[in-house]
Amino acid sequence: MSERMMKKSRLLIAALLGTMMIAALTLWGCGGDGTSSYSDPSPTTTKSAAIIGADTLNQWIAEGKLNAPYGSRDRVVVVSTSTVADWTGKGHIPGAVRLGTDELAKDRVEGLALATSMMPDGPMMDTLVQRLGIDANTTIVITLPKNSTLYYQSIAFWDFRYWGFARDRVKILNGGDDAWDVAGLPLSTDATEKYTASTYSVSKNAALKDVLRYSIGEMITRVDALIATPALKDTWQMIDVRGFSTSPYLTNALRLSAYTMYFSRLNGDATKNFVFPDKQTLEARMASIPARDGATDVFASPAKKTIVMCMGSSSAAPSFVLFDAVLNVPEGDIAMYDGSYSQWQNYSAERLLLAYPNASATQISAWAFNNATNPRAQGTMLTTAVPTIWSAFSPVLGPTSTDMNQIETADKAYITPVTTTTGGTSGGGSAPGGC
């Protein structure tokens, strides 16, 4: 071979090697933030069910997924809905981050009045996800302390889902820290809360999942529709978890004996957390444990479009998880009425007239749950004045007006997703990418 041919061959080989190196670096860059040697294969945590056991979480930790570098496509953050006292007294999973039970809701104006303990707004959620170290590629595993109420674990699940986190990225550790302890795994009582903050914003999620939440205006519309067209009950159901003796309650709402009606304790031990049943067990319980429709025993359906409610949405949250995470119903077929009784009980005709003495009968009737004809609620509503909650809005704006759905209007405006072509940044600040 001539010298000229040999030089040409060497140049071609060098060019080929250079191209291969660039391709390799590009693929490596898609897998992380370019500052870590963390092995980042295709995500596997998204393939699991939404309800996971201690063995699954322990396996993810053994694989190095817990608190993995930002930008990793299969990183895990364990969020414990816990008070400071439980964090140190009952202990927590090592490496978990604490989400205070007082950080899950916010007082907000909706309809004609201020409502307490509603869905957090965008800035509040940003503060939480950044402090907890969550980014666009994080699988969030929500746990709770030993022998605790299911409320807070379930509310956290609903909050993340509403704010645009996909169902395959939000998990419930079934049984919480009790399940972890029973599996023989250690709990830490270290008081130090170790966080590596992200820069991620929920505004970068693809969309607000407002179909998972009902406002008071949407609730009035749904109740009116069920009253006007009883056949809708063949495909729709409202479930109030406050108990059979609950009064007042919304017309056509089914009442459960308790919010835990379909649950059992871990290992049958009354000192341990309630656990979510699997799909087959839940369907069997729903077919055999009656709810109450007025004075009649009936069975709630796993297949109907469902709205769950309670006193103030807290105790209904586990029922939301049953439909969304266990039954895995189509998105939008389960929603929670955020304000629940603590909101709608303020909308009696008497309270509305005290707040808006110049309102017409038609305007009052548009909002009142105890209107004279076709009342939206069964039982006696409160009538005493609550002057501190009412907003400046006039009741001439009806429940279907977008001006009266202030929470979802504001939250939709907060979501401004971006499209990227990389797998994330070291600060966790990008939207899910296209690598």
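Compute, for segment 51-204, the length of the dipole vector about the Cα centre, with Cβ point charges of +1 (Lys, Arg) and -1 (Asp, Glu) only. Units Debye, rounded to 20.
320 debye
In this structure, A361 and T260 have a Cβ-Cβ separation that, at R0 = 51 Å, corresponds to a calculated FRET efficiency of about 0.75. All C-alpha to C-alpha distances of segment 154-249, sorted into 10 Å bins beginning at zero, yield P(r) values of 11, 24, 30, 22, 11, 3 percent in whole numbers. Ranking of M309, M125 by neighbouring Cβ atoms within 10 Å, starting from the fewest: M125, M309. Charging the Cβ of each Asp and Glu at -1 and of each Lys and Arg at +1, and nothing else, the dipole of the chain about its Cα centre rounds to 880 debye. Applied to segment 282-295, the Karplus parametrisation 6.51 cos²θ - 1.76 cosθ + 1.60 on θ = phi - 60° returns per-residue 3J(HN,Hα) values of 4, 4, 5, 5, 5, 7, 10, 9, x, 9, 10, 10, x, 9 Hz, with x for Gly and Pro. Summing +1 for each Lys or Arg and -1 for each Asp or Glu among the other residues whose beta-carbon sits under 11 angstrom from that of S148 gives 0. Centre-to-centre separation between the Cα atoms of segment 359-401 and those of segment 214-281: 24 Å.
Taking every alpha-carbon pair under 8 Å whose residues sit at least 6 apart, the chain reaches a relative contact order of 20 percent. Counting 0.36 nm for each residue step from I389 to T199 and taking away their Cα separation leaves a gain of 64.9 nm. Summarising the label geometry, the points placed 7 Å from Cα in the beta-carbon direction at A284 and T409 lie 4.9 nm from one another. Taking springs between alpha-carbon atoms closer than 10 angstrom, which of S313, S247, S82 fluctuates most in the Gaussian network model of the chain? Among S313, S247, S82, the largest GNM mean-square fluctuation belongs to S247. Fully extending the segment from T416 to A270 would add 48.0 nm, taking 0.36 nm per residue of separation and subtracting the current Cα-Cα distance. Quick one: length gained pulling Q59 to L382 fully straight, 0.36 nm per residue minus the C-alpha distance? Full extension of this stretch gives 111.0 nm more.
Taking the dipole about the Cα centre of segment 31-169, with the C-beta of Lys and Arg at +1 and of Asp and Glu at -1, give me whichever of P123, N67, L112 is farthest to the positive side. Going by the charge dipole, the pick is N67. 3J(HN,Hα) along segment 228-235: 6, 10, x, 4, 4, 5, 6, 10 Hz, from the Karplus curve 6.51 cos²θ - 1.76 cosθ + 1.60 with θ = phi - 60°, whole Hz, x for Gly and Pro.
Computed from Cα positions, the angle between helix 122-132 and the longest principal axis of the chain comes to roughly 50 degrees. A simple rule links phi to the HN-Hα coupling: the Karplus curve 6.51 cos²θ - 1.76 cosθ + 1.60 with θ = phi - 60°, which for segment 262-276 gives 9, 10, 9, 7, 4, 6, x, 9, 5, 8, 10, 4, 5, 10, 6 Hz, with x for Gly and Pro.
Around the Cα centre of segment 94-151, unit charges on the Cβ atoms of Lys, Arg, Asp and Glu (plus for the first two, minus for the last two) sum to a dipole of about 240 debye.
What relative contact order, as a whole-number percentage, does segment 51-189 give when Cα pairs under 8 Å and 6 or more residues apart are counted? Worked out over segment 51-189, it gives 33 percent.
Every number in this text was worked out from the coordinates using simple rules, so none of it is lab data. Owing to the predicted nature of the structure, the values given are computational and were not obtained by experimental measurement. We place every Cβ from the backbone using ideal geometry, glycine too, and count neighbours over all the protein chains shown.
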